[in-house]
Amino acid sequence: MTTRRVFLTGSNRGIGLALARLLARQGHTVFAAARRLRQARALRDLAAAHPGRVHLLALDVTDEAAIARAAAAVQAQAGGLDWLINNAGVLVRDERWDTLDPAAMQQVFAVNAIAPFIVAKHFVPLLRAGRQPLICQMTSVMGSLALTEGGGYYSYRGSKAALNMMSLVLAHELRPLGITVVLMHPGWVQTDMGGPAAPLTPEASAQGIVQVLEGLTPADTGRYLTWEGRTLPW
Ligand SMILES: NC(=O)c1ccc[n+]([C@@H]2O[C@H](COP(=O)([O-])OP(=O)(O)OC[C@H]3O[C@@H](n4cnc5c(N)ncnc54)[C@H](OP(=O)(O)O)[C@@H]3O)[C@@H](O)[C@H]2O)c1
């Protein structure tokens with residue numbers, strides 16, 4: 001099996017933690033970023049169980065200086081990167097037309113829509129030295145204009161739709177460099193964000209995501225996919 005060097009944001013809980021655990025178990029080198037490492041107990045346990053293969057990095061994805069430091073650390077340690085998974089995300093509940101809060105909306109856009117591109121800006125030079133390099137943008141079916149029903153979730157839906165659009169632009173720009181960019185909907189997953197009623201466990205979602213990513217080729221760049229490999233409408 002090919003072992004990869006993977007950088008992953010928001011890896012201290014939910015889908016990110018399940019991905020970090022799965023990739024580590026599969027023998028890959030995981031650069032697991034989280035904004036509060038001191039509180040990231042499960043992640044620290046994972047690093048202790050895989051010495052030299054799971055590296056922890058402190059990263060708030062809205063802090064460009066911290067992103068640059070993380071990229072420099074990965075470069076120094078690994079000399080390049082194969083997969084970048086922009087997983088960190090936030091959701092504001094109970095958002096309706098009469099409760100919209102500009103500060104909360106800006107934070108959601110900063111994390112979900114802008115940060116993945118600033119992370120890419122600093123990690124593309126490392127991906128250029130990677131094998132079958134790939135950027136996976138963790139989006140949502142809620143970013144699909146075609147599938148939108150009902151009200152609410154303005155900033156979450158809007159930020160994921162913006163993520164989708166800008167990822168298509170990135171896919172075009174990075175195609176000549178041989179870097180594949182895909183949008184991934186992880187399913188409705190039992191996490192703090194997805195809630196207990198969700199049908200999928202983080203482990204099942206992570207398993208599906210990694211299987212889909214492993215099967216991709218540069219011809220797949222710009223696709224909007226689910227954890228089961230289905231194509232979603234924009
Ligand atoms: N769960 C679902 O059903 C579902 C469905 C569709 C899409 N998604 C997407 O899948 C991704 C993971 O979701 P999840 O369900 O695992 O969510 P989650 O359990 O709420 O975890 C979110 C992760 O993002 C991190 N994060 C938030 N803001 C950050 C920041 N500024 N800097 C760095 N990390 C930050 C969190 O770190 P802290 O612990 O420090 O807050 C946490 O690790 C998200 O992009 C989400 O939109 C989830």
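The values are calculated or read from the model by the stated rules, or taken from the named source; none is laboratory data. Bear in mind the structure is a predicted one, so any value in this text is a computation, not a measurement. Reconstructed Cβ throughout: ideal geometry from the backbone, glycine too, with neighbour counts over all protein chains shown. The accessibility values were calculated without ligands, DNA or RNA, using every heavy atom of the protein model including side chains. Shrake-Rupley method; radii C 1.70, N 1.55, O 1.52, S 1.80 Å.
Give the residue that is surrounded by the most Cβ atoms within 10 Å (Cβ to Cβ), with candidates limited to residues of segment 175-234 that are assigned to a loop (DSSP other than H, G, I, E, B) and charged (D, E, K, R). Restricting to residues being assigned to a loop (DSSP other than H, G, I, E, B) and charged (D, E, K, R), the top hit is Arg223.
Among the conditions (1) open to solvent by 20 Å² or more (accessible area, probe 1.4 Å); (2) part of a loop (DSSP other than H, G, I, E, B), Glu95 misses just one, which is (1).
A quick yes/no check of all residues on (1) closer than 14 Å to Arg5 by Cα; (2) within 14 Å of the ligand (Cβ to nearest atom):
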| site | (1), (2) |
| --- | --- |
| His28 | yes, no |
| Phe31 | yes, yes |
| Arg35 | no, yes |
| Arg38 | no, yes |
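Cβ-Cβ contacts under 6 Å between residues 6 or more apart (or on different chains), taken from a first residue in segment 50-74 that is part of a loop (DSSP other than H, G, I, E, B) to a second residue that is open to solvent by 60 Å² or more (accessible area, probe 1.4 Å) and within 11 Å of the ligand (Cβ to nearest atom), are listed as Asp60/Arg35.
State all residues of segment 147-165 that are touching a residue at least 40 places away in the same chain (Cβ under 8 Å), under 18 Å from Thr231 (Cα atoms) and open to solvent by 70 Å² or more (accessible area, probe 1.4 Å); if no residue qualifies, say none. Passing the criteria: only Leu147.
Within the set Pro102, Pro116, the sole residue that is within 16 Å of the ligand (Cβ to nearest atom) and on the phi < 0 side of the Ramachandran plot turns out to be Pro116.
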